[in-house]
Amino acid sequence: MNSLAAIFRQNRASLLTLLGLVLLPFIAGMFEGASPAAVWVNAAGTSKFIQGLAIEIFILALYALSFDLIFGITGLLSFGHSMFFSVGAYLTGILLKSFGLNLWQTIGVVFLAAIAQAVLFGIVLPRVKGITFALVTLGMASVFHILVMSRELGDYTGADVGLQGVIVPDFISPANERLRFYFVALAVMVLAYLLYQRFVASPTGRVCVAIRENEGRARMLGYNTFSFKFAALLLSSITAAFAGTLHCLYQPIVSPNTASMGFTVTALLIVLLGGVGTLNGALVGALVYRLLDFGLRRYIGESASFINGAIYVAFVLFIPYGIVGTWMLKSFEIKKGWERLVGMVKK
Amino acid sequence: MTQFLRKNLILILTLAAFLAVFIAAGQGMERKDFVITLLRGLSVGSLTFLVASGFSLIFGLLDVLNLAHGTLFMIGAYLGWTVYVRPDTFVDVLTPLALLIGGFTLSALWTKLSALLPASARTNKIFPWALLLVAALLAFTVITRYPISSWDTENFSQAPGSYSLMLDQGAPLAPPAVSFDKINPALALLGLLLASSLGAFGLSLFGQQTQSPKLTVKEFIPFGLLALIGFGAFAANDALTAFLTGLSNNWLFLIALLVATLSGIGLGALMESTLIRPLYSRPIYQLMLTLGMSAIGIEVVRAIWGRPEFVMPKPDIFSGSGQGCPATTLAAWWDKNCSIVLLFEGRVRVYNEIFIPLVGILVLIAVWILLQRTRLGMVIRAGVQDREMVEALGINVRRVFTLVFALGVGLAALGGILAAPSMGLSNAMGESLLLNALIALAIGGLTSYPGAALGSLLVGLLQQFMIKYGQIGIAIPFTEIIFKPTPPIVPASTVLLMVIILLLMPNGLLGKKE
Amino acid sequence: MDYILDVQSIHTFIGQYHILQGVDVQVPRGSITALLGRNGAGKTTTLKSILGLTPPREGKVTFDGRELNGMRSFDIAALGIGFVPEHRAIFRDLSVEENLKIAERRKGDLDRKREMIFSLFPDLKRLIGLPGTSLSGGQQQMLAIARALVPDNRLLLIDEPSEGLAPVIIEHMMDAIRQLSKESTVVLVEQNFLVASQLAETYVIIEEGRSVTSGKMSDLKQDKATIHRYLGAA
């Protein structure tokens, strides 16, 4: 019992955030005067809208988390990350729509495909390093993007229009069972986050960090750096593919943009916004990114990307290590500042 | 010799394979098609090279992946277009621009002045920001009232595209006249100078100066020049406009090339010294910054020139037609300035397929000489390998960084204006070229200058041959099948080439082994 | 005593690591001073901190009466400090001639020094047209020292000149360093105690980022206990 209390004390902020997220749909409903019961039966309204936005953020966070693992933690700069996501998304849609598999079979195949992708990246991993790895992965992802866009496969992928008309199983339908979808997405994200934290704290994860810091030294210490990098790649690929599956189930259309380089850049921006290699940063970054994007598009409209660009530039200049990274660096100073302030008041 | 062969075995084999494929590709089509495709490949290769070489110089020396390079290419095109199609706008803009920059060239004076300020912690924090704010407000007030003859993207008959079109038809539109009716001219000039001075003074207060520079006459020369341009263009506005409009558009095109390149250089210097410099210690964040800059650049272009695509008429020397055209000899071309010449019976567009490659080759040689024969080039080559040591020799690397960044952006801007008459102008013209350039660099070797040239050439040729074969089809040997590469295969082919080459030679064809 | 270089309790961080935790070095004008200590003790970082390549966060560095803190490293070097780094840092893409020429601070520096450099390192004369890559280790070391001699430097910082060289070449290198120490002061980082003890007049021992002891080399040679304690078996 004692240790439980200790765990609670140590993770107070995280647990409170989680509680907030669980209650979010109901609280959001209250602002509109909708009772929790109405929210429970998925009545249309603000709450449903907010849930939708939150689901998108969870999916983005999952995707960014998987990018942070290989980029921020292990130090592999991959420009092909969008492929991990979009393979999951497209495969889910195609299997459900054209092959008539059920959801569980589909998830199984996506899982295998994710492993296959990690193997594909793993094949080139020992040959190319640094920026060259980035370019090779970019090349592989571009080929996938071109495949998705090609007219020959249009019957399956929907070519440049995107994949649509996927029939989502009723019990998780984003239209009728959105609250359930919300909790599923939240649970997947939280589980993935906990898993990642365990991974980073585990001996394997520590070696990954060591590889990022100095690969030569890690190798000299006797570690087979390839297998550690591959482990990170595998975990990341599976996570991103599941994020893609959720995306396909939630969105009416899987756009080919999710396979483009731009979507990898999205992951990079989210991780940079939040703070590289912090894991928390990916979650915070996804929130900020999506809200910024949404807010700007809604209230500013056409020239939103100007403001977006300006915000990124300002971020880089004034919040040098991302939100979480800079917070971690500053938190000591902030704490000291508070203490000074409190001391002044008490005096 | 044998040792050299063994060391470069893969490279030689790869090049031999390329040659074989190239010859095979030539066998599959008629000679005139082959010549045209070859020249088109050279043309695309040259434009790619202009972007790639700058990108690679910047990456090699500064370690900055400048993802805004494509956007800067596009900005070069739009700026050059403005000079070429609307010289009156160009002349109008000169004065405020020169005066606004003017103050910032007097950094020595501001540093001297800032030493005179009383040192007080509180004012030192607020004062610079206040100065910047006042300067920005002042500049905004004046600029919005300053009469600049321009176009109107909302009004179709006054849109950039219409000006281009009418100029191409030989009946240039007369822009509506503008005059100083919202602001007193003297007040405007004074306001601009004041805004620039206040802004520069404010900025100088941010940096902590350890040593105060000497105030010599030399420090005032740039300012004097800018003031001369500014006031000169103001006083002789009408005369200058008349002169430029009256000029043959060949000369105007030359001026456009120059102005685009110079503004690229200026923009590059500005970008490096203000935005990139604080980030050398945080390399990954440079990606975010340059991406942000890229988005901003595209939006600014959209705000000024509008979203629709438009064309830029070719200068007269490349657009003749009528009797005697297409020309069959050089003399005939010179006589009639034909837009098309016949080469091995193929109809070759002079501007696209001869002039652009020619400029590309000229730039290749010029930069090569700069790198190999000048002290600056020596420092760049040394710095690409070991920046710290160059610094330890007492060489001001930061100035070299700024120069190289400026040079790289200048090359991209030159590429942009060069591409404009053949590609047309669009907001997205830079992106595809940047991707091409990245692929070319990966193929040739990221920080190798000859590699940039070789990679660009390969990418250009491959793309054009793929496009050509998309039209005529490839007869697959021993079968009846004729395979026609569809459009998506064109980008895919270069990407695949890149992946194959990187897996064979991780540093690219001519890259150095680390 | 007239010190050309005076380093007072500098602290240097590389990233989050506190590498130098109080190093004092005093270099008498015209002498050869050796920085001694085990691998990773902070000798190279000390040299780099003097040059501002890894600027110290605390402490003071004075060169010829001028405080160097806060100056940019190329300005520091331009005051007349030559640097010969650990791995020589010969520029591969430059010819031997260009490797020397790039070190010029004024036009014609190389032409004025050419005779002197060739008399110190006769080999370089024959190598002058070759690319920097084609040199052997010893030749690279000579070129790296020669490069530091091109401008008029009052202080030379030489890092591990004997590392990886054959004994004959080390001998030659030591002669050269003796020669050039007549014109400028030398600070030497050296693992090989035999080399250091023959060359240097004064020494500073650095241990785990701190300077622990210093004095005259002639005294240290007698002091077997100190040698054993800080430098291992010598």
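We did not get these values from a lab; they are worked out from the coordinates using the rules stated. Every value quoted in this text rests on a predicted model; they were computed, and no experiment measured them. Please note: Cβ atoms are built from the backbone with ideal geometry, for glycine as well, and neighbour counts cover all protein chains shown.
For chain B, what class follows from the C-alpha gyration tensor (a ≥ b ≥ c being the square roots of its eigenvalues): rounded when a/c is under 1.5, otherwise prolate if a/b is larger than b/c, else oblate?
The shape class here is oblate.
Report the antiparallel proportion of the DSSP beta bridges in chain C as a percent, rounded to a multiple of 5.
60 percent
For the stretch B:231-261 and the stretch B:144-188, what is the separation of their C-alpha centers, rounded to whole Å?
So the two Cα centres are separated by 16 Å.
Do you know the relative contact order of chain B, to the nearest whole percent, from alpha carbon pairs under 8 angstrom that are 6+ apart?
The normalised contact order for chain B reaches 31 percent.
What residues qualify as long-range amide H neighbours of residue B:310, i.e. H under 5 Å apart, gap of 5 or more or another chain, H built at 1.01 Å from N?
For residue B:310, whose amide H was placed from the backbone, the distant partners under 5 Å are B:425.
Using only alpha carbon pairs under 8 Å that are at least six residues apart, calculate the relative contact order of chain A and give it in whole percent.
Working: 449 pairs, mean separation 94.5, N = 347.
Once divided by the residue count of chain A, the mean separation gives 27 percent.
Return the calculated 222 nm mean residue ellipticity for chain B, to the nearest 500 deg cm²/dmol, obtained by summing -39500 (n - 2.57) across DSSP H runs with n ≥ 4 and dividing by the residue count.
-23000 deg cm²/dmol
Is the protein assembly as shown rounded, prolate or oblate when judged by the Cα gyration tensor, a ≥ b ≥ c being the square roots of its eigenvalues, rounded requiring a/c under 1.5 and prolate requiring a/b larger than b/c? Let's see the in-between values first.
Details: a/c = 1.39, a/b = 1.16, b/c = 1.20.
It comes out rounded by the Cα gyration axes.
Can you give the calculated 222 nm mean residue ellipticity of chain A, where each DSSP H run of n ≥ 4 adds -39,500 (n - 2.57) and the sum is split over every residue, rounded to the nearest 500 deg cm²/dmol?
-25000 deg cm²/dmol
If you line up the long axis of helix B:160-169 against the longest principal axis of chain B, both from Cα atoms, how many degrees apart are they, to the nearest 10?
The angle comes out at about 60 degrees.
Which of B:464, B:498, B:395 sits closest to the plus end of the dipole of the stretch B:2-504, meaning its Cα is farthest towards the positive end, when Lys and Arg get +1 and Asp and Glu get -1 on the C-beta?
Going by the Cα projections, it comes out as B:395.
If you split all Cα-Cα distances of the stretch C:172-234 into 10 Å bins from zero, what percentages do you get per bin, shortest first?
Once binned at 10 Å, the Cα pair distances of the stretch C:172-234 give 19, 55, 24, 3.
Can you find, among A:172, B:23, C:213, the residue farthest towards the positive end of the dipole of the protein assembly as shown? Put +1 on the C-beta of Lys and Arg, -1 on that of Asp and Glu.
Going by the Cα projections, it comes out as C:213.
Report, in degrees rounded to the nearest 10, the 0 to 90 angle that the Cα long axis of helix B:221-235 makes with the longest principal axis of chain B.
Approximately 90 degrees, to the nearest 10.
Pick from A:167, A:238, A:57 the residue whose mean-square fluctuation is largest in a GNM of chain A, springs joining Cα atoms under 10 Å.
Top of the fluctuation ranking is A:167.
Over the stretch B:2-504, what is the percentage of antiparallel beta bridges among all DSSP beta bridges, to the nearest 5?
Taking every DSSP beta bridge within the stretch B:2-504, about 80 percent pair in antiparallel fashion.
Answer rounded, prolate or oblate for the stretch B:399-497, using the Cα gyration tensor with square roots of eigenvalues a ≥ b ≥ c: rounded when a/c is under 1.5, else prolate when a/b is larger than b/c, else oblate.
The shape class here is prolate.
What is the helix-to-structure angle for C:109-120, meaning the angle in degrees between its Cα long axis and the longest Cα principal axis of chain C, kept from 0 to 90 and rounded to the nearest 10?
For helix C:109-120, the angle is close to 80 degrees.
For chain A, modelled as a GNM with alpha-carbon contacts under 10 angstrom, which of A:135, A:234, A:287 fluctuates the most?
A:135
Cα extents of the stretch B:302-357 along the three principal axes, largest first, in whole Å?
Its Cα atoms span 45, 20, 15 Å along the three principal axes.
Rounding to the nearest 20 debye, state how big the charge dipole of chain B is about its Cα centre with +1 on each Lys and Arg Cβ and -1 on each Asp and Glu Cβ. Walk me through the numbers on the way to the answer.
Details: 31 positive and 24 negative charges, 259 e Å.
My answer is approximately 1240 debye.
Run the lone-cysteine check on the protein assembly as shown: no other Cys C-beta under 4.7 Å from the residue's C-beta.
A:208, A:248
Which residues' amide hydrogens lie under 5 Å from the amide hydrogen of residue A:251, considering only partners 5 or more residues apart or on another chain, with H built in the peptide plane?
none
Express as a percent, rounded to the nearest 5, the fraction of DSSP beta bridges in the protein assembly as shown (both residues included) that run antiparallel.
On the way: 32 of 51 bridges.
In the protein assembly as shown, DSSP labels about 65 percent of beta bridges as antiparallel.
Among B:109, A:73, B:89, pick out the residue whose Cα is farthest towards the positive end of the charge dipole of the protein assembly as shown, where Lys and Arg carry +1 and Asp and Glu carry -1 on C-beta, about the Cα centre.
Farthest along the dipole direction, towards plus: A:73.
For the stretch A:213-347, what D do you get in µm² per second when you plug the Kirkwood radius from alpha-carbon pairs into Stokes-Einstein at 25 °C and 0.890 mPa s?
Numbers: Rh = 18.2 Å.
Rounded to a whole number, D works out at 135 µm²/s.
Suppose every K and R has +1 on its Cβ and every D and E has -1 on its Cβ; what is the size of the dipole of chain A about the Cα centre, in Debye to the nearest 20?
1260 debye
Computed FRET efficiency, Cβ-Cβ of residue C:9 and residue B:281, R0 22 Å: what is it to the nearest 0.05?
After rounding, the FRET efficiency stands at 0.30.
Just to confirm my numbers, what's the Cα centroid distance between the stretch A:91-115 and the stretch B:437-514 in Å?
That distance is 34 Å.
Taking only DSSP H segments of four or more residues, each worth -39500 (n - 2.57), what value at 222 nm results for chain C once the sum is divided by all its residues, to the nearest 500 deg cm²/dmol?
Details: 10 runs with 87 residues, N = 234.
It lands at -10500 deg cm²/dmol.
Taking the Cα centre as origin and putting +1 on Lys and Arg beta-carbons and -1 on Asp and Glu beta-carbons, what dipole magnitude results for the stretch B:76-211, to the nearest 20 debye?
With Lys and Arg at +1 and Asp and Glu at -1, about 740 debye.
Roughly how far apart, in whole Å, are the Cα centres of the stretch C:41-120 and the stretch B:11-77?
When both Cα centres are located, 40 Å separates them.
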